[in-house]
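To start, the structure under review is shown below, and the notes come after it.
The values are calculated or read from the model by the stated rules, or taken from the named source; none is laboratory data. Predicted, not measured: the structure shown is a model, and the values here were computed from it. Ideal geometry is used to build each Cβ from the backbone, glycine not excepted, and the neighbour counts take in all protein chains shown.
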Amino acid sequence: MPPLAARTHELVGELERMMPGRVSTTPPDRVAYARDLWPRGLIGVSGGSPAPHPPDAVVWPTSTEEVSAIVRAAARSGTPIVPFGAGSGVCGGTLPIRGGVVVDLKRMRSIVEVDAIAGTATVEAGILGEHLEHELNRRGFTLGHFPSSIMCSTFGGWLAARSAGQFSTKYGKIEDMVRRLTFVDGRGELHTVDAGAAPDVAQWLVGSEGTLGIITRATVTVCKKPELQLYRGWAFPRVAAGCEAIRRLLQRNLRPACVRLYDELDSFLHRGEKDHDRGGGEPESSALEQYLSLLAPTGKSVIGEWKKRAIALALTRPELVNKLASTFLPYAQNGCLLIVGFEGDRGLTEAEARAAAVELERAGGRDLGEGPGQRWLQHRYAVSFRMSKVFDAGAFVDTMEVATTWDKLLELYRAVRAAVSPLAFIMAHFSHAYADGCSIYFTFAARGNGAADAEKKYDDIWRAGLAAVTRVGATISHHHGVGLSKAPFMPEEHGAAMEVYRALKDVLDPHGVMNPGKMGL
Amino acid sequence: MSGDAPFWSDRLVHAVGAANVSTHAGRARVRPGAPAELCDVVRIAGEVGARVGVGAAAGDAIDVDFARMCNVLHLDETSLVVTAQAGITFDALERALGERGLVLGAVPSWARGRTLGALLAAPRPSEASPRLGRFVQTCVGIQALLPDGTEIATRLAPRKATGPDLMHAIVGSRGALGLITAATIRVQRRQDVQQSAAFAHPTLPQALSAARAILVRGGRPVDLSVSAAGVLALDVDGPEAFAAAEVALAAEVARAHGGEPVPHAPPPRLMSRPHERGVALERVDGEVLAPALVGDAIRVVGWHVAGACVVDSARAPAADPPAPPATAALLAALKKRLDPQDRFVDWPARDHDRVAH
């Protein structure tokens, strides 16, 4: 554990006087805050390097004013500040790569106000997502934001990284929900800005991942808790047909809460033995869940032995298996699974689901009934909590969520698959669909000979994948953010417009203390 | 070109062509035909120490007229987005889209004769469609010129998580931080079923409560308005079953608030009143409505309940709302950073009409 720098000693003393008992420099805390859920960091952990970049100190403010005081003190001493929610980020965005002070916002977790007339909630940044949703439900509302990390991510983290929930097609991404934002900039100055102003300063901060300031509270739109949820499965012969069906649905102005189209390989693995059981039965595992349970030493897999062997082969011969899958799977089984869900007012939801069924059948879909939809709904958070076992088993798994307009969607799908296939076992689903385009969520897995080899393979996969994304003209992230992992691709993502981001940085963080080294700045 | 032309006007002629430069009383007006020409104008301005502005705001600066940059650059009918140059008017854009069975949808009727660039440079709190939101929310990308002559284009994707939405540093900056040269806008396919309905309520507050209740229940009509006489009107479209369900929801809610169906009521038609008078806007929180704001035709609009505002179409156009002091200081600092020589002139909204012609 590196010793504290002299500047930090002085700052820590000042913070301790300011917030007695809420500042820590102990090794356990410094190790605990040295990483997030970036898979590359987890490879390091399995290789015996749990905390390559520990912070010098961790502080737990309880108010916006305290956050302001912390940032002022840090700016005076030139000490880096890293805002921290719950550490569920998967891009290394909260790694204190230049040391400094981690500002953990979890003690700022109040729901300040729920305005039932205006349909808004004003909430502090540090509240855990699940707690927020639970409390809104108790009052008859929903935020409509359900990222798979909901149990281990915070409201502020969602805002900082432009998060998307699984129902973004109906409720929007988090940036669509913001009505008002309070933040502390890199000079310690406090701002409250209304969304929709000209210019819309709130949209500068949302997604800035702590590089421009710390979001301490926000007012967001909330909706009436749905009376009815109707989720069904549909089968499409090919990815292209499924994508076309989704596009038609959305361009007919229907608003499903959720659409998820699994590609042939993902659908193949997604289907459990209860595939054709329309009445429910055993919960269906997701592809990734099955994959993870296979790798876990104590895991229980519900898939057949031959599927296990195929996946094991995929780890050592990814190119061959990917090619076999894309060649034969379209003919070997039932094509691609599409989950479509509607929710809300009973009458509207039933009408929308009926209208959607007509559209989906017209587009060549086959109705699989409510079973697959309900199973997905019940088990949609199950995957995220099993990842560490994969790393324990010497392999790694990660996801790449990219997006583009409909005209380039299949080109993007093919380009990323082609780029990553030689290096990793890869599958995908299409979700977060909009009238003008859609996101693709690639899942890839591979194994290295030791941590160093795994890290190299991991980097190679990301480089190849994101290079393909930028060649197509798509965006490198739909909702996971940039952090450290995608930072090298920011110049290509934004081109000359990066200068505008640098200008915002210079204005809001003139001392350069806010989460330095991230986002390609 | 008149005799009192600035000594550097020859250079402008070289950049954009003689037919596209006019001078009067020592001022120059240019009509660039492409971003590269505008870039040359900005570079020349920098070299001779002149400022660049739009319309009357230009003052002694070089006055840029976007009238020649009025083309549709790309229509992507698969993704339903159109990229057009800043100088195109909404009427012209709507005509081009109409030939392909498409509509803009979210443009307030008062803005129809104005230009795309003008509305994005200085958007006002404006009418919005409950379904589509405000016009700015349908803009998914811009191309712009920064004061140092750098051309930027934001990446086109349905949604991104790659840092701040950089478009919003230029959109709404009234030209002071960058000149928008083109923008990409979401468009709508004209639906086969379009229905209108109206319900008369005994009082205005009952009609407003009904409008709010429709939004709370999840209704998202293309347009929703309430008249001072308490008539709630809405437009819906989409698949027949769904359009019918939206009307049924509105009818149920209206009944619960004392409303009765109005046969053959004129539809609200946000999209189909091309030359309606300008409007004044006031925000209304929840159900509180200040009587002074009530005019002849009030439109209760908003992307969501929280964004509802009331439009009084009998009043004169609203002035630009001043930026709050904290935001104004940020904007001033950003201006200093991006435009240290103060080359781009702030462009007040009142020049919109001037730009459109």
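Things worth noting here:
- Helices (runs of 4 or more DSSP H) contained in the range A:331-412 and holding at least 1 residues out of contact with any Phe, Trp or Tyr (no Cβ under 9 Å at 6 or more places or on another chain) and at pLDDT 95 or above: A:346-362
- Remark: pairs (first residue in the range A:134-152, among the polar types (S, T, N, Q); second residue part of a strand (DSSP E or B) and buried (at least 20 other Cβ atoms within 10 Å of the Cβ); Cβ separation under 7 Å; 6+ apart in sequence or on different chains) = A:Thr142/A:Cys223.
- Options A:Gly93, A:Gly100, A:Gly78, A:Gly85: the member that is small (Gly, Ala, Ser), touching a residue at least 60 places away in the same chain (Cβ under 8 Å) and in contact with a Pro (Cβ under 9 Å, 6 or more places away or on another chain): A:Gly100
- Qualifying position, being of a type in the set (Gly, Ala, Ser), under 14 Å from the mean Cα position of the chain (by Cα) and crowded, with 22+ Cβ neighbours inside 10 Å, among B:Ala182, B:Ala169: B:Ala182
- Options A:Ala433, A:Ala428: the member that is under 30 Å from B:Val187 (Cβ atoms), buried (at least 23 other Cβ atoms within 10 Å of the Cβ), away from every other protein chain (no Cβ under 14 Å) and under 17 Å from the mean Cα position of the chain (by Cα): A:Ala428
- Of all residues in the range B:146-202, those being over 26 Å from A:Ser431 (Cβ atoms), facing chain A (nearest Cβ under 7 Å) and of a type in the set (D, E, K, R) number 1.
Every residue, every condition in (1) more than 14 Å from the chain's Cα centre (by Cα); (2) surrounded by 24 or more Cβ atoms within 10 Å (Cβ to Cβ); (3) within 11 Å of chain B (Cβ to nearest Cβ), yes or no:
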{"residue": "A:Ser88", "(1), (2), (3)": "no, no, no"}
{"residue": "A:Gly99", "(1), (2), (3)": "yes, no, no"}
{"residue": "A:Ile117", "(1), (2), (3)": "yes, no, yes"}
{"residue": "A:His131", "(1), (2), (3)": "yes, no, no"}
{"residue": "A:His134", "(1), (2), (3)": "yes, no, no"}
{"residue": "A:Asn137", "(1), (2), (3)": "yes, no, no"}
{"residue": "A:Gly157", "(1), (2), (3)": "no, yes, no"}
{"residue": "A:Ser163", "(1), (2), (3)": "no, yes, yes"}
{"residue": "A:Arg187", "(1), (2), (3)": "yes, no, yes"}
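- Residue list for the range B:66-80, filter: within 22 Å of B:Arg189 (Cα to Cα) and in contact with a Pro (Cβ under 7 Å, 6 or more places away or on another chain): none
- Within the range A:210-241, the set of residues being over 30 Å from A:Phe268 (Cβ atoms) and away from every other protein chain (no Cβ under 14 Å) comprises A:Ile214, A:Thr216, A:Arg217.
- Out of B:Gly149, B:Gly163, B:Gly172, B:Gly98, one residue alone is of a type outside the set (A, V, I, L, M) and touching a Cys at 6+ places or on another chain (Cβ under 6 Å). It is B:Gly149.
- Taking first residues from the range A:198-212 that are crowded, with 24+ Cβ neighbours inside 10 Å and partners that are basic (Lys, Arg), the Cβ contacts under 7 Å between residues at least 6 apart in sequence or on separate chains come to A:Val206/A:Arg162; A:Gly207/A:Arg162; A:Glu209/A:Lys518; A:Thr211/A:Lys505; A:Thr211/A:Lys518; A:Leu212/A:Lys505.
- The one condition in (1) without any contact (Cβ under 8 Å) to a residue 60 or more places away in the chain; (2) more than 7 Å from chain B (Cβ to nearest Cβ); (3) under 24 Å from the mean Cα position of the chain (by Cα) that A:Arg179 fails to fulfil: (2)
- Each residue in the range A:342-363 was checked for being more than 8 Å from chain B (Cβ to nearest Cβ) and surrounded by fewer than 21 Cβ atoms within 10 Å (Cβ to Cβ), and 5 pass.
- Looking across the range B:203-256 at every residue that is more than 14 Å from chain A (Cβ to nearest Cβ) and within 26 Å of A:Leu143 (Cβ to Cβ), the one that is surrounded by the most Cβ atoms within 10 Å (Cβ to Cβ) is identified as B:Leu224.
- Among the residues of this structure, B:Leu120 counts as one that is under 26 Å from B:Leu338 (Cα atoms), buried (at least 21 other Cβ atoms within 10 Å of the Cβ) and within 13 Å of chain A (Cβ to nearest Cβ).
- Wholly within the range B:17-110, strands (runs of 3 or more DSSP E) carrying at least 2 residues that are within 14 Å of chain A (Cβ to nearest Cβ): B:72-76, B:81-85
- Applying the condition of being in contact with a Phe, Trp or Tyr (Cβ under 6 Å, 6 or more places away or on another chain) and farther than 16 Å from A:Val90 by Cα to the range A:7-51 and asking which residue is surrounded by the fewest Cβ atoms within 10 Å (Cβ to Cβ) yields A:Arg22.
- Being touching a strand residue (DSSP E or B) at 6+ places or on another chain (Cβ under 7 Å) and touching a residue at least 40 places away in the same chain (Cβ under 8 Å) is a description that applies to A:Leu105.
- A:Val500 vs. criteria aliphatic (A, V, I, L, M), buried (at least 24 other Cβ atoms within 10 Å of the Cβ) and part of a helix (DSSP H, G or I): yes
- Qualifying residue in the range A:470-485 (condition: more than 7 Å from chain B (Cβ to nearest Cβ), over 25 Å from A:Asn322 (Cβ atoms) and assigned to a helix (DSSP H, G or I)): no
- Some residue of the range A:271-279 being modelled with pLDDT of 60 or more and surrounded by 16 or more Cβ atoms within 10 Å (Cβ to Cβ): yes
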